[in-house]
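Here the structure is laid out as structure tokens; the discussion comes afterwards.
Any read-out appearing in this document is the output of simple, stated calculations on the displayed coordinates, not a laboratory observation. The structure displayed is predicted, hence computed values, not measured ones. Here the Cβ is made from the backbone with ideal geometry for all residues, glycine too, and neighbour counts use every protein chain on show.
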There are 2 protein chains.
Amino acid sequence: MKCSKPNFKIHRRARLSSSSSSSSSSCFSVSAVVTKEEQETLGEISSGSDCFNFKAYMGEKADRVNRALDESISVKTPPTIHEAMRYSLLAGGKRVRPILCIAACELVGGDESTAMPAACAVEMIHTMSLIHDDLPCMDNDDFRRGKPTNHKVYGEDVAVLAGDSLLAFAFQHIASATVGASPARVLAAVGELAKSIGTEGLVAGQVVDIASTGAKDVGLEQLEFIHIHKTAVLLEAAVVLGAIVGGGSDTQVEKLRKFARCIGLLFQVVDDILDVTKSSEELGKTAGKDIVADKMTYPKLMGLEKSREFAEELLAEAKQQLEGFESYKAVAPLVALAEYIAYRQN
Amino acid sequence: MKCSKPNFKIHRRARLSSSSSSSSSSCFSVSAVVTKEEQETLGEISSGSDCFNFKAYMGEKADRVNRALDESISVKTPPTIHEAMRYSLLAGGKRVRPILCIAACELVGGDESTAMPAACAVEMIHTMSLIHDDLPCMDNDDFRRGKPTNHKVYGEDVAVLAGDSLLAFAFQHIASATVGASPARVLAAVGELAKSIGTEGLVAGQVVDIASTGAKDVGLEQLEFIHIHKTAVLLEAAVVLGAIVGGGSDTQVEKLRKFARCIGLLFQVVDDILDVTKSSEELGKTAGKDIVADKMTYPKLMGLEKSREFAEELLAEAKQQLEGFESYKAVAPLVALAEYIAYRQN
């Protein structure tokens with residue numbers, strides 16, 4: 001099965017094991033059985049001196065991304081719009097997208113500093129899509145990450161404009177702040193990022209998602225379209241942008257694109273699984289958000305067990321794309337990020 | 001008075017005359033007295049064999065811009081969002097911004113084809129700002145150019161997303177479709193365009209405009225801020241993008257930037273004058289939109305006569321920036337466009 005064109009034919013596979021010796025990166029390989037206990041081992045398994053310490057890596061990278069985001073937008077005139085942009089951009093989150101961008105850049109031999117403007121730009125686009133998706137005319141969400149959504153604090157007008165500003169500023173930031181990459185590469189990054197937002201990316205996913213919410217006849221193809229466009233495409237952009245500005249060859253960029261497509265879809269399949277698992281575990285409390293919203297999900301469509309198998313396949317396929325990259329140290333973050341996406345609990 | 005930092009000290013000046021011989025481009029110089037009759041002469045004065053035919057020029061350029069816009073976005077899956085984008089993008093209009101872009105490119109020796117993607121991108125951004133400004137949470141307009149606004153036809157959710165898509169696609173289009181310019185120049189164009197949209201451009205203008213509507217203490221400085229950001233900055237981007245991709249020197253680009261700042265502010269001053277003039281002429285009909293919306297305007301702040309004088313000064317200052325460009329043929333379109341902006345009736 002190729003992530004570039006998944007055929008969704010599910011094969012029964014032996015589950016990855018925490019003691020698996022067949023893994024090319026056994027040092028940080030963890031069980032595919034999604035339990036809280038096992039997920040918590042993710043940081044611990046990296047305690048060996050030769051091993052990659054994923055927890056420390058994520059912490060350090062996220063700190064530097066947060067600092068770069070903070071510095072990218074200061075409060076100037078007019079203050080309200082800058083505050084609104086910063087409110088959502090600096091609201092926390094794991095910074096998975098920017099870290100993927102940096103990791104891909106470093107994998108192909110580039111510096112973190114070269115990837116940072118692109119990494120921040122990807123997070124600006126992600127934030128912008130959340131602000132607009134939360135609007136009353138769309139998903140009408142009052143809270144995001146435990147805080148009132150942007151329009152609840154600043155009003156709908158400013159929220160729309162804060163999203164627009166972040167969208168535009170992402171391109172301004174890449175174009176003006178990237179150092180250590182040729183203009184041709186930076187321009188290619190601009191094109192890739194732009195493509196991930198519009199009718200071939202986030203917007204397409206949101207349009208079809210809105211149209212299919214509550215519909216009874218949503219099939220696997222449509223579900224896949226939504227997830228690929230709402231989630232996978234921006235993760236793909238994050239990785240590809242990093243690889244491009246980092247100086248990756250065409251072959252490297254395309255291998256990393258395939259890797260990103262797999263983990264992008266994986267991200268959403270796991271999201272759907274978590275939504276069901278949580279609601280099952282928390283019986284008597286609020287049911288899963290997708291169920292409430294009457295949204296189609298992988299577990300609904302193919303069952304929980306087959307969804308998990310599909311997730312395993314995507315993870316394996318993602319890892320396969322990383323074969324051929326020489327340095328263990330450089331490949332470790334992306335493998336660990338893929339596993340983190342597979343085994344996360346929120 | 002410099003457009004880069006207008007001091008708004010109004011001097012009494014002799015009005016430009018249709019028979020003025022002092023104009024460096026007397027062939028298409030027209031009276032600054034804004035009357036319908038005189039405005040209509042704009043096309044006719046160019047009938048001499050050596051003269052520049054502005055009407056024909058605008059018609060031909062607009063046709064090619066419309067064709068390029070039409071070809072830039074076709075209806076693909078998902079159809080609704082593409083239709084919504086095309087509905088507003090192809091709704092007509094004079095295409096002043098893209099033609100300014102092309103004219104600036106040709107003035108510095110570039111080809112129309114090199115400027116066309118940037119010209120279309122500027123129009124996409126203009127269209128996006130109209131779609132979002134018309135939303136119920138902003139200006140709440142039901143009609144635009146005699147047609148129902150985007151959200152009245154496609155719903156608020158799709159209208160927000162159509163704007164987002166156009167914003168992103170503008171960058172995708174410049175990055176992928178520009179030929180005949182180096183990546184460094186195209187990247188510089190990306191940065192300039194992005195800057196004109198966010199908190200240093202359109203968004204800043206709209207935020208302050210919303211905040212000051214109905215306020216009693218709006219001064220000249222605030223009015224200028226709104227107009228420069230809501231209107232002038234995108235006109236500046238149009239001209240500067242054309243000059244950059246066309247291969248203009250730094251000096252040429254900066255002269256054209258000053259030219260564009262003057263005509264950008266001029267555009268809005270004339271808009272304000274027309275709003276008052278029309279409402280005065282059409283007594284008994286709907287009053288001027290700015291008056292209804294209780295918006296501050298130049299005529300309100302400095303009176304009609306002084307506003308007209310200010311418009312004349314801006315036009316003179318704009319024309320001054322074009323001195324030093326050698327070719328009469330190449331400079332003619334920008335002079336005529338500046339005069340068109342000064343003397344238009346709608």
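Counting other beta carbons within 10 Å of each residue's own, what order do B:Thr114, A:Thr80 fall into, fewest first? Spell out each step's value before the answer.
Values: B:Thr114 22, A:Thr80 18.
Placing the least packed residue first, the sequence is A:Thr80, B:Thr114.
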Return the loop-located trypsin sites (Lys or Arg not before Pro) in region A:81-150 (DSSP other than H, G, I, E, B) with at most 16 other Cβ atoms within 10 Å of their own Cβ; answer none if there are none.
A:Lys94, A:Arg145
Note down the relative contact order for region A:182-284 as a percent, whole number, built from C-alpha pairs under 8 angstrom at least six residues apart.
30 percent
A:Phe143-A:Thr251 FRET efficiency (beta carbon distance; Förster radius 35 Å; 0.05 resolution)
0.20
Rounded to whole Hz and in sequence order, give me ³J(HN,Hα) for region B:202-211 from the Karplus expression 6.51 cos²θ - 1.76 cosθ + 1.60, θ = phi - 60°, writing x for Gly and Pro.
3, 4, 4, x, 5, 4, 6, 4, 4, 5
Can you tell me the dipole magnitude for region A:91-191 around its Cα centre, using point charges on the Cβ only (Lys, Arg +1; Asp, Glu -1), in Debye to the nearest 20?
260 debye
Taking A:Lys55 in one copy and the same position in all the others, each labelled 7 Å out along Cα→Cβ, what are the pairwise distances from the first, in nm, shortest first?
7.8
Along region A:309-323, Karplus-curve 3J(HN,Hα) (6.51, -1.76, 1.60; θ = phi - 60°) to the nearest Hz, with x for Gly and Pro, reads 5, 4, 4, 5, 4, 5, 5, 4, 4, 4, 4, 4, 5, 8, 5
Using Cα pairs under 8 angstrom and six or more residues apart, how large is the relative contact order of region B:120-194, in percent?
35 percent
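Between the DSSP loop rule and a limit of at most 11 other Cβ atoms within 10 Å, which trypsin sites (Lys or Arg not before Pro) in region A:163-233 are left?
Answer by residue number: A:Lys216.
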Could you run the Karplus curve 6.51 cos²θ - 1.76 cosθ + 1.60 with θ = phi - 60° over region B:64-71 and give me ³J(HN,Hα) per residue in whole Hz, x for Gly and Pro?
6, 5, 4, 5, 5, 5, 4, 6
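Distance check, please: which entries in B:Lys195/B:Lys258; A:Lys147/B:Lys295; B:Lys147/B:Lys306; A:Lys258/A:Lys329 exceed 24 angstrom between their Cα atoms?
A:Lys147/B:Lys295; B:Lys147/B:Lys306
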Region A:303-346 and region A:156-175: distance between their alpha carbon centers, rounded to Å
32 Å
Kindly give the distances from B:Ser249 to its copy-mates, label point to label point, with each label point 7 Å from Cα along Cα→Cβ, as nm values to one decimal ordered shortest first.
4.4
May I ask you to report, in nm to one decimal and beginning with the shortest, the distances from B:Lys76 to the same position in the other copies, taking label points 7 Å along Cα-to-Cβ?
3.5
